[in-house]
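Novice: Mind having a look at this structure? Questions to follow.
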Amino acid sequence: MTRISDLPSLIGQEVGVSRWIHVDQARIDAFAKTTEDEQFIHIDPERASQTPLGGTIAHGFLTLSLASAMNYDALEPLEGFVMGFNYGLDRLRFITPVRAGSNIRGRFRLLSADDKGADASGRRWLLKYEITVEIEGSDKPALIAEWLGMQVVAPSPNP
């Protein structure tokens, strides 16, 4: 657990690195079917091999969607954590395609932590992270984003 009192000293710091996640063709195919984005560069290895990509690639949004798993893997919740919500993205850039068969992981740097007050569910903290999704063996990342998450923590017993 991350203590709320430690948040100011963590701003600007790398606060977590996830495990490697394997992005194979089966995962790409399942995402294509779920999202109805079945462009050949994702699902047809033979045809995709004839392009400059040299083979199939993961959808950018598949790579981004794995940030949730990376988050759970790499980041400790705030002390008193009750629940969390995706709050959005301020910036997102897809830098390098993730080829089928690659491994990716996320690096998280805390950019800001804002106390948004309390309601009946608890005190709300808006945390902004820079996430860089690395591709194993590549000098360039798959994506870089500023990701906002709202964490709700239990009200303090001592107001």
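Novice: Using the heavy atoms of the protein chains alone and a 1.4 angstrom probe, what is the accessible area of the chain per residue in square angstrom?
Specialist: It amounts to 57 Å² per residue over the chain.
Novice: Right, next: Whenever you get a sec, line up PHE61, PHE81, PHE108, PHE31 from highest to lowest accessible area (probe 1.4 Å, protein heavy atoms).
Specialist: Of PHE61, PHE81, PHE108, PHE31, the descending order of accessible area is PHE61, PHE81, PHE31, PHE108.
Novice: Right, another one. As a check on your grasp of the helix formula, calculate [θ] at 222 nm for the chain: sum -39500 (n - 2.57) over DSSP H runs of n ≥ 4, divide by the residue count, round to the nearest 500.
Specialist: -5500 deg cm²/dmol
Novice: Could you rank MET1, MET83 by how accessible they are, 1.4 Å probe, largest area first?
Specialist: MET1, MET83
Novice: Using heavy-atom solvent-accessible surface (probe 1.4 Å) with all chains present, what is the largest-first order of PHE40, PHE94?
Specialist: PHE94, PHE40
Novice: Taking the Cα centre of region 1-128 as origin, work out the dipole magnitude from +1 charges on Lys and Arg Cβ and -1 charges on Asp and Glu Cβ, in debye rounded to 20.
Specialist: Around 300 debye, computed over region 1-128.
Novice: Something else: Hey, how much of the P(r) for region 1-149 falls beyond 22 Å, as a percent of Cα pairs?
Specialist: Counting every Cα pair in region 1-149, those more than 22 Å apart make up 45 percent.
Novice: Would you mind telling me the share, in percent, of accessible area of the chain contributed by carbon and sulfur at probe 1.4 angstrom?
Specialist: About 50 percent, which is the carbon plus sulfur part of the accessible surface.
Novice: Using a 1.4 Å probe, how large is the accessible area of ILE95, given in Å² and rounded to the nearest 10?
Specialist: Rounded to the nearest 10, the figure is 80 Å².
Novice: Quick one: compute the contact order of region 44-129, relative version, from alpha carbon pairs under 8 angstrom and 6+ residues apart, as a percent.
Specialist: Reported relative contact order: 25 percent.
Novice: What figure, in Å² to the nearest 10, do you get for the accessible area of VAL82 with a 1.4 Å probe and non-protein molecules left out?
Specialist: About 70 Å², rounded to the nearest 10.
Novice: Residue by residue through region 116-130, which ³J(HN,Hα) values in whole Hz follow from phi under the Karplus form 6.51 cos²θ - 1.76 cosθ + 1.60 (θ = phi - 60°), with glycine and proline marked x?
Specialist: Values per residue, Gly and Pro as x: 9, x, 10, 9, 4, 7, x, 8, 9, 10, 9, 10, 10, 10, 8 Hz.
Novice: Could you work out the longest stretch of the chain that avoids the GluC sites (Glu not before Pro) located in DSSP loops with at most 15 other Cβ atoms within 10 Å?
Specialist: Looking at the chain, 80-135 is the longest stretch - no exposed GluC sites (Glu not before Pro) with at most 15 other Cβ atoms within 10 Å.
Novice: OK, next. Which one of THR132, THR96, THR51 has the biggest mean-square fluctuation once the chain is modelled by GNM with Cα springs under 10 Å?
Specialist: In this elastic network of the chain, the residue with the biggest mean-square fluctuation among THR132, THR96, THR51 is THR51.
Novice: Residue-wise, which Karplus ³J(HN,Hα) couplings in Hz belong to region 93-98, taking 6.51 cos²θ - 1.76 cosθ + 1.60, θ = phi - 60°, and x for glycine or proline?
Specialist: Result, ordered by residue: 9, 8, 9, 10, x, 9 Hz.
Novice: Rounded to the nearest 10 degrees, what's the angle between the helix 25-35 long axis and the longest principal axis of the chain, both from Cα atoms, 0 to 90?
Specialist: It is inclined by approximately 70 degrees.
The values are calculated or read from the model by the stated rules, or taken from the named source; none is laboratory data. If you're wondering where the values come from, they're calculated on a predicted model, not measured in any experiment. Please note: Cβ atoms are built from the backbone with ideal geometry, for glycine as well, and neighbour counts cover all protein chains shown. The area values use the complete protein model at the heavy-atom level, side chains included, leaving out ligands, DNA and RNA. Shrake-Rupley method; radii C 1.70, N 1.55, O 1.52, S 1.80 Å.
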